[in-house]
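Participant: Below are the structure tokens for one structure; questions will follow.
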Amino acid sequence: MNEFFQIDPALELLAQRVEKEVCPVFASLEATAEYNQLKVIAAFQKNQVSESFFYGSTGYGYGDRGRDALDAIYAQIFGTEDALVRHNFVSGTHTLAAALFGMLRPGDILLSLTGNPYDTMEEVIGLRGEGQGSLKDFGVGYRQVELLPDGMPDLDAIGREAARPEVKVAYIQRSRGYSLRPSFSVELVGRMAQAAKRANPNVIVMVDNCYGEFSEKLEPTQVGADICAGSLIKNPGGGIAQTGGYIAGKRDLVHLCANRLTAPGIGREEGCSLNQSRGMYMGLFFAPTVVCSAIKTAVFAARLFESLGFSCFPKWDEPRTDLIQAVLLGSPEGMTAFCGGIQRGSAVDSFVVPEAWDMPGYGDKVIMAAGTFTAGASVELSADGPLREPYAVWMQGGLTYPSGKIGVLLAAQSMLEKGLAQIK
Ligand SMILES: *Cc1c(COP(=O)(O)O)cnc(C)c1O
């Protein structure tokens with residue numbers, strides 16, 4: 001029996017079997033982490049990072065070497081001409097919105113190549129909500145290419161739709177978001193980019209890279225995407241960055257985004273780093289192994305919950321391209337018990353009981369389990385989902401594998417105790 005947590009002995013036995021079975025998957029994840037760790041160190045070295053870079057500037061922040069070097073490091077890691085890494089991006093949604101508003105002009109069309117966009121992007125585009133200040137409000141049109149019935153991108157339809165001359169940005173969401181469609185590998189992102197550009201050589205291919213960074217050896221910008229963006233309280237912040245986002249891409253595009261984040265004429269030149277640089281550097285250093293821990297947690301969860309008879313997306317042995325593990329629990333009670341268990345395993349806020357609420361930016365009530373050092377950081381173990389059909393939770397994160405594993409075990413334990421799952 002476990003010394004610190006009450007786990008059913010039958011569940012502990014099952015967990016041991018599961019861990020043996022997932023061993024080869026873990027080995028391949030560790031190989032990716034090692035490659036990416038060296039990639040990050042090499043980028044630090046090329047930019048001659050020294051301790052003085054970690055001290056923040058104040059005021060306008062002119063000539064902040066630490067801030068500028070971090071931009072160059074991200075550009076090297078993502079294989080791009082330029083990058084913009086700022087704590088001033090308040091979230092992933094804000095970062096993506098800054099990039100879209102930076103690049104799109106009235107009369108342009110934003111074309112999603114991957115069906116419905118992530119929930120919070122609907123209000124940015126103007127598909128839902130009051131619409132004030134949305135892309136639509138500024139005269140930017142929106143179209144989407146639906147996914148095929150199996151959830152995969154429709155490369156033929158992408159070619160047809162991208163051919164419209166008004167299509168300025170072709171938008172790819174790599175991770176599944178709150179849906180059960182597959183997350184798209186870097187290789188597949190490359191094929192989508194190619195299909196769009198063949199039809200329309202002027203199109204800008206942009207990738208919502210949230211949750212994808214460092215899960216593979218290559219990033220989307222290394223296979224044909226022009227620009228990508230993501231959040232620092234997800235993968236690339238390594239659980240240490242306290243806030244922020246990044247955009248990496250072609251120089252002229254990153255320039256437009258910087259002008260949107262601050263103001264034309266100011267762009268990237270202003271923006272003091274306060275005391276954020278050290279965490280952003282250290283987080284990036286840790287990111288490859290933190291992402292690995294999170295994906296190992298996801299694989300363990302998938303194998304365990306598949307053994308308990310629940311459908312998991314992706315399946316435990318499918319290739320990974322992000323942190324997300326969806327578990328189909330089938331009922332609101334199941335979601336509540338699962339999230340309660342995850343919360344009980346946390347080092348922070350383990351004593352609170354998650355409840356569904358009306359989160360800003362989302363259309364349905366959402367339940368969230370997150371006992372995190374950084375509020376809302378989903379590279380830390382967390383589980384959430386909107387209370388609607390098909391009653392699935394999307395689980396992600398785990399700064400360390402042992403902490404992720406106990407969270408997953410307690411989620412299963414909590415469901416067993418309430419009679420919502422049985423060990424067969
Ligand atoms: C998390 C996420 C976002 C939005 O990021 P926030 O930081 O929650 O605003 C956008 N797209 C995808 C695919 C995400 O996973």
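The values are calculated or read from the model by the stated rules, or taken from the named source; none is laboratory data. Since we're looking at a predicted model, the values are computed, not measured. Note: ideal-geometry Cβ built from the backbone for every residue, glycine included; neighbour counts use all protein chains shown. In case anyone asks, the SASA skips ligands and DNA or RNA and just uses the protein heavy atoms, side chains included. Shrake-Rupley method; radii C 1.70, N 1.55, O 1.52, S 1.80 Å.
Quick grid of which residues meet (1) at pLDDT below 95; (2) of a type in the set (A, V, I, L, M); (3) surrounded by fewer than 22 Cβ atoms within 10 Å (Cβ to Cβ):
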{"site": "THR221", "(1), (2), (3)": "no, no, no"}
{"site": "CYS228", "(1), (2), (3)": "no, no, no"}
{"site": "ILE240", "(1), (2), (3)": "no, yes, no"}
{"site": "GLY245", "(1), (2), (3)": "no, no, no"}
{"site": "LYS250", "(1), (2), (3)": "no, no, yes"}
{"site": "HIS255", "(1), (2), (3)": "no, no, yes"}
{"site": "ALA258", "(1), (2), (3)": "no, yes, no"}
{"site": "LEU261", "(1), (2), (3)": "no, yes, no"}
{"site": "GLY267", "(1), (2), (3)": "no, no, yes"}
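Listed here are the residues, each with its yes/no results for (1) of a type in the set (Val, Ile, Thr); (2) assigned to a helix (DSSP H, G or I); (3) out of contact with any Pro (no Cβ under 8 Å at 6 or more places or on another chain).
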position: LEU147; (1), (2), (3): no, no, no
position: GLU161; (1), (2), (3): no, yes, yes
position: PRO165; (1), (2), (3): no, no, yes
position: ARG176; (1), (2), (3): no, no, no
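Participant: Oh, and also: Let me spell it out: the conditions are (1) assigned to a helix (DSSP H, G or I); (2) open to solvent by 60 Å² or more (accessible area, probe 1.4 Å); (3) within 24 Å of LEU253 (Cα to Cα); (4) in contact (Cβ under 8 Å) with a residue 24 or more places away in the chain, and ASP137 meets all of them except one. Which number is the exception?
Facilitator: (4)
Participant: What residue, of GLY66, GLY61, GLY107, GLY56, is surrounded by 20 or more Cβ atoms within 10 Å (Cβ to Cβ), away from the ligand (no atom under 12 Å from the Cβ) and either part of a loop (DSSP other than H, G, I, E, B) or over 18 Å from the mean Cα position of the chain (by Cα) (or both)? Let's see the steps before the verdict.
Facilitator: Working: GLY61 fails: surrounded by 20 or more Cβ atoms within 10 Å (Cβ to Cβ); GLY107 fails: surrounded by 20 or more Cβ atoms within 10 Å (Cβ to Cβ); GLY56 fails: surrounded by 20 or more Cβ atoms within 10 Å (Cβ to Cβ).
Of GLY66, GLY61, GLY107, GLY56, the one residue that is surrounded by 20 or more Cβ atoms within 10 Å (Cβ to Cβ), away from the ligand (no atom under 12 Å from the Cβ) and either part of a loop (DSSP other than H, G, I, E, B) or over 18 Å from the mean Cα position of the chain (by Cα) (or both) is GLY66.
Participant: Within segment 158-179, can one find any residue that is within 16 Å of the ligand (Cβ to nearest atom), at pLDDT 95 or above, more than 20 Å from GLY92 (Cα to Cα) and open to solvent by less than 40 Å² (accessible area, probe 1.4 Å)?
Facilitator: No, that holds for no residue.
Participant: Does THR297 count as touching a Gly at 6+ places or on another chain (Cβ under 7 Å) and not in a helix (DSSP H, G or I)?
Facilitator: Working: touching a Gly at 6+ places or on another chain (Cβ under 7 Å): yes; not in a helix (DSSP H, G or I): no.
Judged against the criteria, THR297 is not a match.
Participant: With a cut-off of at least 3 residues that are at pLDDT 95 or above, name the strands (runs of 3 or more DSSP E) lying wholly within segment 339-406. Walk me through how you get there before you give the answer.
Facilitator: Numbers: elements: 366-370, 382-386, 392-396.
Of the strands (runs of 3 or more DSSP E) lying wholly inside segment 339-406, those with at least 3 residues that are at pLDDT 95 or above span 392-396.
Participant: Any residue in segment 10-31 that is within 27 Å of the chain's Cα centre (by Cα), at pLDDT 95 or above and among the basic types (Lys, Arg)?
Facilitator: No, there is no match, as no residue in segment 10-31 is within 27 Å of the chain's Cα centre (by Cα), at pLDDT 95 or above and among the basic types (Lys, Arg).
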